[in-house]
Amino acid sequence: MGRPGIAGAAMSLWLCLRFERLPLECLSRCEDTPVVVLAAQRVLCANDCAAALGVRPGMGSATVRALVGDGPLQLLQRDTAAEQRSLQQLCCWGYGITPNLHTWREDCLLLEIGGCLGLFNGLEALLREVASGTDGRGYRACRALGPTPKAAWLLSFAAPETAMDPARPLQERLAPLPLDRLDEFPGTVDSLRRAGLHTLGDILALPPPALGRRCGRDFSDYLQQVLGQREDLRADYRPPLTFCDEYWFGYEVKTNGELLPAVQRLLQSLCRFLRNTQLRCTRITWRLVGIDGSVRDVDVGSASSHSDRESWYQLSRIRFEQLSLTGGVEGLGLECRQLLPGELDNIDLFSPRSQREPLAALLDRLRNRLGLQAVQGIGCRDEHLPELAVAIGGECTGQAAPPGAQRPFWLLPEPRGLRLRDGRLHWRGALQLLYGPERIEDNWWREAVSRDYYIATGRGGQHYWVFRDRLAGQWYLHGIFA
């Protein structure tokens with residue numbers, strides 16, 4: 001077997017991220033006071049502050065209280081549902097690195113990275129991206145590289161210099177690990193230990209046929225999957241139709257400007273996810289987690305669905321400028337609950353219009369600065385009557401006027417009656433008819449309407465849109481031209 005991950009990006013190379021403190025990190029990231037997670041009244045894991053006081057896994061809750069004394073202490077019950085939610089969030093983030101990944105056990109993420117080394121310009125750059133992603137999300141991971149998923153998982157229990165050295169022969173790296181790591185076969189491991197075999201190196205040195213006769217087919221198949229001699233097929237992770245990610249600062253944030261680097265990081269994760277899944281979104285929600293545990297949501301909307309990181313950043317920055325942080329912020333979350341199928345933009349690189357800011361971008365900025373209800377659109381409807389053809393807040397669904405019709409954009413709320421003197425219409429002075437008529441007839445099934453519309457001008461040169469009600473014989477002013 002070749003040495004994966006160094007020269008050929010096509011070689012199979014698996015990265016295991018084992019989150020041994022996941023039960024704690026999904027519930028609390030406090031390091032100032034002792035925090036302990038219990039399962040069946042026994043310590044499952046503890047933060048560094050509690051470990052410094054002597055708290056160890058397996059201790060009873062009474063022993064923990066005795067060690068901590070009268071000082072502050074948080075005793076939390078394990079929440080497996082929260083652990084799985086956190087693991088799914090990590091999968092969503094990991095999908096931005098490679099599409100070939102899956103969870104393993106209750107606390108591991110396995111990523112096939114051999115096929116995407118070229119995308120990150122090599123293994124070292126990819127590992128830096130991974131470390132930045134996990135650290136920024138507040139997770140501490142044991143990492144290991146291996147040619148197979150199970151080998152990478154086993155090596156996550158080895159020393160870091162061994163776990164992260166794919167250039168060394170695999171059996172040499174696995175040899176020091178104790179047989180206890182093969183916890184799927186407890187009976188077989190006990191039998192091998194009684195025979196004087198204690199490490200993986202001891203059993204890998206045995207002839208495979210003899211090992212198979214002694215330990216059974218399942219055990220032999222497992223070892224062959226570890227060594228890459230048998231396929232280990234597992235279903236890859238399938239991204240959901242929602243996005244959720246978070247960033248934990250590790251300190252108290254008190255100013256809006258301190259939030260922006262985390263905003264950029266999370267938006268980068270979101271937009272990479274959207275591109276990989278060929279989805280877009282029109283609304284995102286920022287979730288500010290206070291130092292006291294309070295949660296505050298901030299919505300950011302866009303008139304069009306897209307996955308442009310810079311656009312979402314500018315809109316989010318506008319919303320954050322309006323925030324008043326009354327209390328410190330410990331974490332920042334990003335959620336997107338409505339994802340839409342993506343469409344390719346039809347962009348003409350040589351058109352001058354491509355150099356102008358789209359109208360939708362201006363509307364997005366105004367809505368996020370002034371409020372979603374402060375800016376409304378003017379839409380058109382397929383209606384003959386002018387007062388029904390324009391709708392505030394609607395979208396254009398038809399043509400409001402026939403081609404060539406000359407009509408004002410703004411209409412009066414209600415038509416106003418005109419006086420007729422000496423055969424001439426009067427509205428703040430005498431009016432002169434310039435153009436018309438344009439006949440509009442409609443609504444015969446309810447209340448028949450028949451009008452002749454004209455364009456008229458006044459003394460000051462202002463143009464008006466007037467009509468004569470043919471059924472009532474009255475004249476009205478309906479609109480004013482700009």
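The values are calculated or read from the model by the stated rules, or taken from the named source; none is laboratory data. Please read these numbers as outputs of a predicted model, since none were measured by experiment. We place every Cβ from the backbone using ideal geometry, glycine too, and count neighbours over all the protein chains shown.
Table for the structure above
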{"quantity": "Test: residue in region 110-126 that is under 12 Å from Arg18 (Cβ atoms), in contact (Cβ under 8 Å) with a residue 24 or more places away in the chain and in contact with a Pro (Cβ under 9 Å, 6 or more places away or on another chain)", "calculated": "yes"}
{"quantity": "Any strands (runs of 3 or more DSSP E) falling wholly within region 1-113 and containing at least 3 residues that are within 17 Å of Leu127 (Cβ to Cβ)", "calculated": "14-18, 108-112"}
{"quantity": "Those residues of region 250-296 which are crowded, with 20+ Cβ neighbours inside 10 Å, without any contact (Cβ under 8 Å) to a residue 60 or more places away in the chain and within 22 Å of Gly328 (Cβ to Cβ), in sequence order", "calculated": "Trp286, Leu288"}
{"quantity": "Total residues in region 308-339, condition among the hydroxyl-bearing types (Ser, Thr, Tyr) and either buried (at least 20 other Cβ atoms within 10 Å of the Cβ) or closer than 25 Å to Asp135 by Cα (or both)", "calculated": "2"}
{"quantity": "Residue list for region 437-482, filter: in a strand (DSSP E or B) and within 14 Å of His384 (Cα to Cα)", "calculated": "Glu438, Arg439, Ile440, Glu441, Asp442, Val449, Ser450, Arg451, Asp452, Tyr453"}
{"quantity": "Some residue of region 283-291 being within 18 Å of Cys91 (Cβ to Cβ), under 21 Å from the mean Cα position of the chain (by Cα), hydrophobic (A, V, I, L, M, F, W, C) and part of a strand (DSSP E or B)", "calculated": "no"}
{"quantity": "Residue within region 226-246 that is touching a Gly at 6+ places or on another chain (Cβ under 9 Å), farther than 30 Å from Arg337 by Cβ and hydroxyl-bearing (Ser, Thr, Tyr) present", "calculated": "no"}
{"quantity": "Extreme residue, farthest from the chain's Cα centre (by Cα), among residues of region 297-307 that are surrounded by fewer than 18 Cβ atoms within 10 Å (Cβ to Cβ) and not aliphatic (A, V, I, L, M)", "calculated": "Ser304"}
{"quantity": "Among (1) assigned by TED's automatic domain parsing to the domain that holds Ser86; (2) buried (at least 19 other Cβ atoms within 10 Å of the Cβ); (3) more than 30 Å from Glu246 (Cα to Cα) - the single one Arg137 does not satisfy", "calculated": "(3)"}
{"quantity": "Flag if Gly187 is small (Gly, Ala, Ser), closer than 30 Å to Ser324 by Cβ and surrounded by fewer than 17 Cβ atoms within 10 Å (Cβ to Cβ)", "calculated": "no"}
{"quantity": "In region 417-457, residue nearest to the chain's Cα centre (by Cα) [restricted to those that are among the basic types (Lys, Arg) and over 18 Å from Arg470 (Cβ atoms)]", "calculated": "Arg428"}
{"quantity": "All positions within region 413-429 that are part of a strand (DSSP E or B) and not acidic (Asp, Glu)", "calculated": "Pro413, Pro415, Arg416, Gly417, Arg419, Leu420, Arg421, Arg424, Leu425, His426"}
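Quick grid of which residues meet (1) at pLDDT 90 or above; (2) more than 26 Å from Gly187 (Cβ to Cβ):
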| site | (1), (2) |
| --- | --- |
| Ile203 | yes, no |
| Leu227 | yes, no |
| Phe249 | no, yes |
| Leu266 | yes, yes |
